[in-house]
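Comments concern the structure below.
The values are calculated or read from the model by the stated rules, or taken from the named source; none is laboratory data. Computed from a prediction, not measured in an experiment: that's the story for all the values here. Glycine also receives a Cβ, built like all others from the backbone with ideal geometry; neighbour counts cover every protein chain displayed. SASA here: full protein model, heavy atoms, side chains in, ligands and nucleic acids out. Shrake-Rupley method; radii C 1.70, N 1.55, O 1.52, S 1.80 Å.
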Amino acid sequence: MVDPILSLAVAIAEGRKTYAVFLGSGVSKAAGILTGTDILWDTIKKIYKLEKDKDKDPNDNEVKDWFEKSEFKDFTYSKILETICPSQEERRQFLEKYFVGKNPTDTHRCIADMVRNGLLKVIITTNFDRLMEKALDAIEVKYDVVSSPAELKVLKAREHSPCRVLKLHGDYQSGEIKNTEKELVRLEPKIEKEFKEILNRYGIVVIGYSGQDEGVMRCLEKRNSKYTLYWLKKENICERVDRLLKQQDGKVIERENSDAFVKELVRKIEIFSLYEAGDTPEYLMHLTKQFIKENDEVGFWEEVKKQLKEVSKSWQEIYKKIQNERMDKKIKDDLKRAQDGVKELEIHTDKILGIGLVLVEYEKKENFKNFLRVFQELYEMYNNMSVNWQDCFTDILFAIIHNVFYTLGALALRDERFEIIKELLSYRIRDRKIGKYESILVQPWMFYPISFGEKTDKAFEYLINMFNNKEFLKEYFRSKDKFSCALCEFNCLLNIYERVKNLKSSGRYCIYPMFIGVFPYVGKVFEDRLKDNEFLRNIAEEICGVKIETFKKNWPLICTDIIKQYGGIYRNTGLGPDLFTESSDTGVVGLK
């Protein structure tokens, strides 16, 4: 099932100011503010202590028994406040202690940023604190607040407001707050009218609200809007909310807390905004899953071709822009600009990478085999430019191939998709200059795209760090460390495969060193996997094409050969626990 946060991000990005957020007490509770019920109960305790002339905090049951028999039992919360604090200023001072010193949460700040960026203009809340206002003030966003019918009279129409904050249950500074069950049965008529108009006109995103207020829920249940109702939940929602969502075809988004949800939503909106056609990597991943489900190979390949055309067009524009800037001497650092060019082109090629990741995940060997033609297509884009091979700007395309190749391989090895790995490693590219097909693994540009500079580890470093900027990768690798580990393991496999197959290019090995020094645990992890006899058999027979006995026999020679290339010491321990070590004389970490 596709996460509804994707459709919400698209809806907000595409239809600016067509969605409103609804904040419940759960958002303010995260800032350390008591819920309305907690404040009411604390107030009753204070009255009890005054009545009984007690210094110590009373027992809850004792207070409850007293309250149900007292003259206050039928008072509304506002009436109780009026009784102990006759003036509005006294009520404000009484309530202030519950809110003073409390600061907006990430949820409040992200929503304020969305208002500033023109994505939202209406905020509804049942909270009577001022955290949302503080977040808006902090970034100097103009807004107006409606917390009482009187304010509706003097304020300009919502359509002309830069931002409208509607406080359904009042504001603590005015002392006009609603808190008791009796008070919450129905909203103030004019506030209710404003609320209903918003519900009907906007899409609604409910955050931190449980759906327990009769007056609010009654309005939500009568909502009639062309936009979707989204509801954030951490735990189970109540039966009434469940009915409401089914009735209105609403969407439930599950997250641990509101801060994580809103920050993720903002990131996804930013990502979506990068894609003019609206098809993000996440969308292409979803579309690929649909093609797989419907066994639509024609539709699948047509979509891949469509994305390749977009890459080709974008590549020509990016390269032309780079060359113009270079001629105008606007670029002082060619390598930095080349790397920026990689990032620009990846806005388009990430969608192709997303398609490939889904094929690896579902182990669709035949689709994946066809998909690998993208490498040839990208290579042809380079050939068609008629440019100098040593130009770090044209090498951008090779950097893209490098990054896609490594990311697909890392996922395939982690999930033990051996047939997919075999297809990836045996893929052959047609070199137009020599007129024949050669393994992608013997292409010197494949593992040394000069867009990243003279040191080969720079490309690998870029590859690892790109995890921070590609939200869709988190669906597969979860954390940067897991992504790094998977990449390094795949690189270990490439070094082994290269030597078993005796693949050489231009008289030198072209696959990167393993960089175990960057992530010391990788060697041990990969070694432990090789101790799994079934895993080892698949690496030897399925991937490398040799019998497992032959593989084990040649293992010391494979290790020694790698060490000759990268430095280190080898001791004949077979597949023992000290397969990877740090050389005492070179300081290089590698295979023993």
| task | State the Cα centre-to-centre distance between region 302-324 and region 83-161 in whole Å. | result | 47
| field | Average accessible surface area per residue within region 180-326, 1.4 Å rolling probe, Å² | value | 54
| remark: Of every hundred units of 1.4 Å-probe accessible area on region 106-220, the number belonging to carbon and sulfur atoms, as a percent, is 48
| message | List the trypsin sites (Lys or Arg not before Pro) within region 418-506 that DSSP assigns to loop and that have no more than 13 neighbouring Cβ atoms inside 10 Å. | response | Arg432, Lys433, Lys455, Arg478, Lys504
| So in region 116-263, what percent of DSSP beta bridges are antiparallel if you round to the nearest 5? | 10
| field | Residue-normalised accessible area of region 7-67, expressed per residue, 1.4 Å probe, Å² | value | 53
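Could you sort 333-341, 359-367 so that the peptide with the highest average Cβ count within 10 Å comes first and the rest follow in order? Don't skip to the end; give the middle numbers.
Working: 333-341: 16.8, 359-367: 18.3.
Highest-to-lowest ranking by the protection proxy: 359-367, 333-341.
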| note | Residue separation between Asn59 and Glu541 times 0.36 nm, minus their alpha-carbon distance, gives in nm 166.2 nm
